[in-house]
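Take a look at the structure set out below.
Only the coordinates and a few stated rules stand behind these numbers; no lab work does. Bear in mind that the values here come from a model prediction, so they are computed numbers and not experimental data. Here the Cβ is made from the backbone with ideal geometry for all residues, glycine too, and neighbour counts use every protein chain on show.
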Amino acid sequence: MKLHMMTLNLHCLVEENLYEKQNRIADSIIEKNMDLVFLQEVAQTNTKSFVFSKVKDDNYALSLIKILQSKGKDYYLEYLPFKQSFGIYDEGLAILSSRPIKMRSSILISTVDDYLDWKTRYILSVSVDGIENVVFSTTHFGWSDGKEVFENQFEKAINSFESGIKGIIAGDFNISPESSEYKKIRNSDWHDLLQNEVEPTFKGDEVNEQSNRRIDYFISNYNVDVLHHEILFQEYPVSDHYGVYIEVEL
């Protein structure tokens, strides 16, 4: 079975010309016929009204769903908000799926669990209709700073998968392949699906030490054949990150 997937950090709702960029993302989802889209820094204004479940009416992922619907494509949405950003947003993780979502779960992977603390981190997981024995997850790992340690968060994330369950984790890992933290992945039973990729996925800025590096990943705990991959939105960025797109054979 072939699957088309993308991971993208959306940079909350602070991008200029946001609606134009949302349309660009939606067009890429349609063009690539994406089955699953993994999103980080998915924001909604904390004073807005709830539309359903934990989703408010200006939720970034919901906006993408609406644009996709207007273009004739239906997607299912799972959203997990867990912290405040920029003083005005709920921020969290989201997964868009072209297939109905059968199972959903989330697990705290940081030491802190505080809505007002930006260091709070979770992993969001789903299984989808028609794909048995595979769990798809997204997360946004934090930096190692003494209190929070990447290796500990990574261990909690991979331990959230039951024995015998195949898993794919996609997201913003906040580490480069040259880092000591990356060795934790290499020394685990999980594989970097794009381990030979050298193009940066984070354009960042002049003060961020991770700028112009690859910090967004797809990893799996079993052998997955990668048929094709691309770094998206490089010419016309939609965020401070680029999209990472892969086509795989499960």
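A quick yes/no check of all residues on (1) out of contact with any Phe, Trp or Tyr (no Cβ under 8 Å at 6 or more places or on another chain); (2) under 21 Å from Asn9 (Cβ atoms):
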| position | (1), (2) |
| --- | --- |
| Gly164 | yes, no |
| Asn174 | no, yes |
| Arg213 | no, yes |
| Asp216 | no, yes |
| Ile231 | no, yes |
| Ser239 | no, yes |
| Gly243 | no, yes |
| Glu247 | yes, yes |
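Tell me which residues, restricted to segment 71-88, are out of contact with any Asp or Glu (no Cβ under 9 Å at 6 or more places or on another chain), crowded, with 18+ Cβ neighbours inside 10 Å and not charged (D, E, K, R).
Tyr75, Leu77, Tyr79, Leu80
Without any contact (Cβ under 8 Å) to a residue 24 or more places away in the chain, out of contact with any Cys (no Cβ under 8 Å at 6 or more places or on another chain), crowded, with 16+ Cβ neighbours inside 10 Å and in a helix (DSSP H, G or I), is that true of Leu62?
yes
Filtering segment 46-59 down to residues that are farther than 23 Å from Ser127 by Cβ and among the hydrophobic types (A, V, I, L, M, F, W, C), which residue is surrounded by the fewest Cβ atoms within 10 Å (Cβ to Cβ)?
Within segment 46-59, the match that is surrounded by the fewest Cβ atoms within 10 Å (Cβ to Cβ) is Phe50.
Take the conditions buried (at least 17 other Cβ atoms within 10 Å of the Cβ), at positive phi and touching a residue at least 60 places away in the same chain (Cβ under 8 Å) and apply them to His11. Does it pass?
Criteria met by His11.
Take the residues in segment 177-193 that are surrounded by 14 or more Cβ atoms within 10 Å (Cβ to Cβ), within 11 Å of Phe150 (Cβ to Cβ) and not charged (D, E, K, R), then tell me which one is farthest from the chain's Cα centre (by Cα).
Among residues in segment 177-193 that are surrounded by 14 or more Cβ atoms within 10 Å (Cβ to Cβ), within 11 Å of Phe150 (Cβ to Cβ) and not charged (D, E, K, R), the one farthest from the chain's Cα centre (by Cα) is Ser179.
Taking segment 15-38 only, how many residues are crowded, with 19+ Cβ neighbours inside 10 Å and of a type in the set (Asp, Glu)?
The total comes to 1.
Assess whether Thr138 counts as being in contact with a strand residue (DSSP E or B) (Cβ under 8 Å, 6 or more places away or on another chain) and either part of a strand (DSSP E or B) or not basic (Lys, Arg) (or both).
Here the answer is yes, as Thr138 does meet what is asked.
Does any residue in segment 21-39 that is under 18 Å from Pro100 (Cβ atoms) come within less than 6 Å, Cβ to Cβ, of a residue that is part of a helix (DSSP H, G or I) and of a type in the set (Gly, Ala, Ser) six or more places away or on a different chain, and which pairs are these?
Going by the 6 Å Cβ cut-off, there are no qualifying pairs.
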